[in-house]
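Everything on this sheet refers to the single structure shown next.
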Amino acid sequence: MAITLHDTLDVKRDIKHYDFGLPFWDGTRQKKLMIQYCKVAKKFQHFPRPVSIFTGRRRDIEWREVSGKGTIFSFTIAHRGPPAFQGKEPYAVASVTLDVGVNLIAGVVNCAAEDLTIGMKVKPYWQPLDNGEHLLFWQPDRDAA
Amino acid sequence: MSLRDSAIVAYAETKVMKKSDRDVWVLAGEILEALLDKTGFDKAEIDGLAMSGLTGTGGASMFWAQSTCDMLGLEVGFCEQVHTGGCSAVGAVARAAAAIDAGMCEVALCLYADTHVREHNGRNDRNYRRDWTDPYGLLGPPGAFGLLQRAYDAKFGVDLHALGKLAVTQRNHALMNELACEELRVPITVEDYLNSRMIADPIRLLDCVMLADGAAGLIVTSRKRAKEKGLKSVIPIGYAERTNFLGGENLVDVTRSGHEIAGTKALKTAGLTVKDVRSFHPYDDFLIALVIQFEAFGFCEPGQGMAFVRDTDLSYKGTLPLNTGGGQISAGQAACSSHNLIEAVRQLMGEAGERQVRDTTNALVTGIGWINYGRNWGTSAALALVPGE
C-alpha cells in the first residue's frame, strides 16, 4: 500500500482549555512537555485531570517536565477527517507511550507511511499556534538507540 | 426481590431508515401504539418511562424524557433518561426493572427513538476531546477503533478473513430481516469486506456501523402482572455494567474491557456460564469489538478471538447464533442502538421467522458505551435473558 502521508500542521485550530490543564499549555510556550505527577502513587498521568486518578485527591498532583521521548503504542491513518481536516488525508495520528509511563495521542509529522510502525521511537515536534502556545506532534527520533 | 421479578412483555420496532421521513415523536408514538395494542395495557397503566439518552435528535436536551412524556400524554411515577451511551438500551431495561422492584412504577415503557440523520441537534459533550484529540483530527469512533484494532493486531494478530466472516454473517442475517435498513440489505462477500475503502486505517468502511433513523421499545412490568395478563414474557435474569474500567490506572491493556467484570457478574447472577449461552447479541459498532467481546466474556481465551470466529458457525442456525437481526453494522445504527436487544427478545419469544434460532433457552445481550482516551470504551454492559413461563 504505497501512500504518501500528509501532515495537518497548517489546519486552523482554536483549542479551548480546561483550567486544570493550563500548566500543560503554558509549558508549550517554551516547548516544554509538562505532565501531571502524583506524589503519593509516584506515577505520571495524562491527559490532565482535576485530581490524581490514583488517589482521587487534588493535593497529590504536581507538574513535571518530561523529555517527550517515547515509542509508538498504536497509530491510525485517517483517510477521512473531520471538516477542518478534509483535503489533508491521509494523515497519521499515534498513541505514544512516553518513557514516564503514560500514553499521549498526537499527529505524526516527518514520517513516511512505510516507516511508521508500532515500537518506533519518537520525539516532540512543536507547531506554533497563533496564541503563543505550541501544539505537540510526534516525529521519528532517528538518534534514539 | 430482584431484577428477575420483572418481565419484558412486548417489543416493537420501526423499520430502520437511512433517513426518517417523519418526526422522531411520530416514531415514538408508533412504538407506543404498537406496544399498547400488543399488551392490551391502557395508556394510563404505563407509569414509568426509561428513555435512552443516546440520541442526536434529543440528546442535547436536558429534558428529553420529560418532553417525551408530555408529547405522548404519559403520566408516570418514574421518568428516566439513561446516559450510558451504547449501553443505554440494556441499561434502560435494568433501570426499569429496578424501579419496578423499588415500587416506583408497575408498567414501564423503555423507549428508544432517534432520528439523528434527519435531525441532529448537536451535542454538548464535555470531555477530553477538545484539548487532546480534536486538535489532531482523530475522527471520533473510527479513529479510536483504528488505534484499538492496530494495538490488538500488534498483540494478538488480526485475521482480516475472520473479520470478513463476521461482516458476511451479520449481513446474511440482515437479508432475512425486513426491518433492517433497506440500503444495507445487499449481499456481501469476504472480498467485499477486504476491498472496502479505508476510513481510519486499519478500519475499513465495512468494519463500521452506519448511522440510520428509527425507533423501538419494550414494555417491562412485574412478572406477577405479566402472568395475570397472560402475556408472553422474557425475563432479565442477570445484568451488570461497568463504567471506566481500570480508570484509576495509566497504561492498560486495551484488549481488555469492563465486559470481563460485567459479563462475569451478569452470568453469575443468571446462574449461567458462558458455555450455556445459546445466542449472543453483542454491541457492534466495529467488527473488532465483537472479537474483543468473545474474549472478554470467555467464549475463548484472550488472543483466540480470531480463531474462535474462524472455527464457530455464528449464523442463526449455527452453534452460537450472533446478532441474528443483522447487528447494527448490517441493520443500521438506529433506535438508540437498541437493535440487538430487541432482536434477542424477539428470538426468545419465538417470533424471528425464517431466522429463528433453534435453541431459545437464553440469550446474552451486551452494550458498549462511549469512547475513552486511547483505550477502548467507557461503559461495558451485559444482560442475560430467558423466556418466561
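The values are calculated or read from the model by the stated rules, or taken from the named source; none is laboratory data. These numbers were taken from a predicted model, which means no experiment stands behind them. All Cβ positions, glycine included, derive from the backbone under ideal geometry; neighbour counts span all protein chains shown.
Restricting attention to region B:189-206, the residues that are assigned to a strand (DSSP E or B) and either of a type in the set (F, W, Y) or farther than 19 Å from B:G326 by Cα (or both) add up to 5. Of all the criteria given as (1) surrounded by 19 or more Cβ atoms within 10 Å (Cβ to Cβ); (2) within 14 Å of chain A (Cβ to nearest Cβ); (3) within 23 Å of the chain's Cα centre (by Cα), the one not satisfied by B:Q170 is (2).
Quick grid of which residues meet (1) under 17 Å from A:V96 (Cβ atoms); (2) modelled with pLDDT of 95 or more; (3) outside any loop (DSSP other than H, G, I, E, B); (4) among the hydrophobic types (A, V, I, L, M, F, W, C):
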site: A:V11; (1), (2), (3), (4): no, yes, no, yes
site: A:I15; (1), (2), (3), (4): no, yes, no, yes
site: A:F20; (1), (2), (3), (4): no, yes, yes, yes
site: A:F24; (1), (2), (3), (4): yes, yes, yes, yes
site: A:Q30; (1), (2), (3), (4): no, yes, no, no
site: A:Q36; (1), (2), (3), (4): yes, yes, yes, no
site: A:V40; (1), (2), (3), (4): no, yes, no, yes
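In summary, A:A78 fulfils each of the numbered conditions (1) more than 11 Å from every other protein chain (Cβ to nearest Cβ); (2) buried (at least 17 other Cβ atoms within 10 Å of the Cβ); (3) within 20 Å of B:L138 (Cα to Cα) with the single exception of condition (1). Considering region A:17-42, the residues that are of a type in the set (A, V, I, L, M, F, W, C) and within 11 Å of another protein chain (Cβ to nearest Cβ) include one that is nearest to A:L129 (Cα to Cα), namely A:W25. When A:A92, A:A113, A:A84 are checked against the criterion of being over 24 Å from B:L246 (Cβ atoms) and either more than 14 Å from chain B (Cβ to nearest Cβ) or buried (at least 22 other Cβ atoms within 10 Å of the Cβ) (or both), A:A92 stands alone in meeting it.
Here A:A78 meets the list (1) under 16 Å from A:L116 (Cα atoms); (2) touching a residue at least 24 places away in the same chain (Cβ under 8 Å) almost entirely, failing just condition (2).
Being within 14 Å of another protein chain (Cβ to nearest Cβ) and more than 16 Å from the chain's Cα centre (by Cα) is a property that does not hold for B:D192. Counting only strands (runs of 3 or more DSSP E) that sit completely within region A:100-145, zero hold 2 or more residues that are touching an Asp or Glu at 6+ places or on another chain (Cβ under 6 Å), closer than 23 Å to A:Q45 by Cβ and among the hydrophobic types (A, V, I, L, M, F, W, C). Among the residues of region B:207-221, is there at least one that is buried (at least 18 other Cβ atoms within 10 Å of the Cβ), of a type outside the set (G, A, S), within 14 Å of chain A (Cβ to nearest Cβ) and part of a loop (DSSP other than H, G, I, E, B)? Yes, there is a match, as at least one residue in region B:207-221 is buried (at least 18 other Cβ atoms within 10 Å of the Cβ), of a type outside the set (G, A, S), within 14 Å of chain A (Cβ to nearest Cβ) and part of a loop (DSSP other than H, G, I, E, B).
Taking first residues from region B:240-261 that are among the basic types (K, R) and crowded, with 18+ Cβ neighbours inside 10 Å and partners that are assigned to a loop (DSSP other than H, G, I, E, B) and modelled with pLDDT of 95 or more, the Cβ contacts under 8 Å between residues at least 6 apart in sequence or on separate chains come to B:R242/B:G258. Note on region B:315-331: residues that are touching a residue at least 60 places away in the same chain (Cβ under 8 Å) and either buried (at least 24 other Cβ atoms within 10 Å of the Cβ) or of a type in the set (V, I, T) (or both) total 10. Yes or no: A:K43 more than 15 Å from the chain's Cα centre (by Cα), over 16 Å from B:W132 (Cβ atoms), touching a residue at least 24 places away in the same chain (Cβ under 8 Å) and assigned by TED's automatic domain parsing to the domain that holds A:Q139? When the stated conditions are applied, A:K43 does not pass them. Determine whether region B:226-248 contains at least one residue that is within 14 Å of chain A (Cβ to nearest Cβ), at positive phi and at pLDDT 95 or above. Yes: one or more hits. All of B:A180, B:A200 fail the test of being touching a residue at least 40 places away in the same chain (Cβ under 8 Å) and within 14 Å of chain A (Cβ to nearest Cβ), apart from B:A200. Looking across region B:60-80 at every residue that is over 17 Å from B:L27 (Cβ atoms) and touching a residue at least 24 places away in the same chain (Cβ under 8 Å), the one that is nearest to the chain's Cα centre (by Cα) is identified as B:E80. Of the helices (runs of 4 or more DSSP H) contained entirely in region B:286-389, those carrying at least 1 residues that are touching a helix residue (DSSP H, G or I) at 6+ places or on another chain (Cβ under 6 Å) and within 27 Å of B:S6 (Cβ to Cβ) fall at B:287-297, B:327-331, B:339-348. Tally the residues that are over 19 Å from the mean Cα position of the chain (by Cα) and closer than 19 Å to B:L175 by Cα, restricting the search to region B:296-334. Residues flagged as over 19 Å from the mean Cα position of the chain (by Cα) and closer than 19 Å to B:L175 by Cα within region B:296-334 amount to 3. More than 22 Å from A:P128 (Cα to Cα) and within 18 Å of the chain's Cα centre (by Cα) - does that describe any residue in region A:48-58? Yes, there is a match, as at least one residue in region A:48-58 is more than 22 Å from A:P128 (Cα to Cα) and within 18 Å of the chain's Cα centre (by Cα). Whether a residue is within 14 Å of chain A (Cβ to nearest Cβ) and at pLDDT 95 or above was assessed, and B:A89 does not pass this test. For region B:270-285, a tally of residues being of a type in the set (G, A, S) and part of a strand (DSSP E or B) returns 0.
For B:L267, are the conditions met, namely being in contact with a strand residue (DSSP E or B) (Cβ under 7 Å, 6 or more places away or on another chain), under 30 Å from B:A174 (Cα atoms) and in a helix (DSSP H, G or I)? So B:L267 passes the test. If you check B:G53 against the conditions, is it buried (at least 16 other Cβ atoms within 10 Å of the Cβ) and of a type outside the set (A, V, I, L, M)? It is true that B:G53 is buried (at least 16 other Cβ atoms within 10 Å of the Cβ) and of a type outside the set (A, V, I, L, M). Among the residues making up region A:43-69, those that are within 11 Å of chain B (Cβ to nearest Cβ) and not in a loop (DSSP other than H, G, I, E, B) are A:K43, A:F44, A:Q45.
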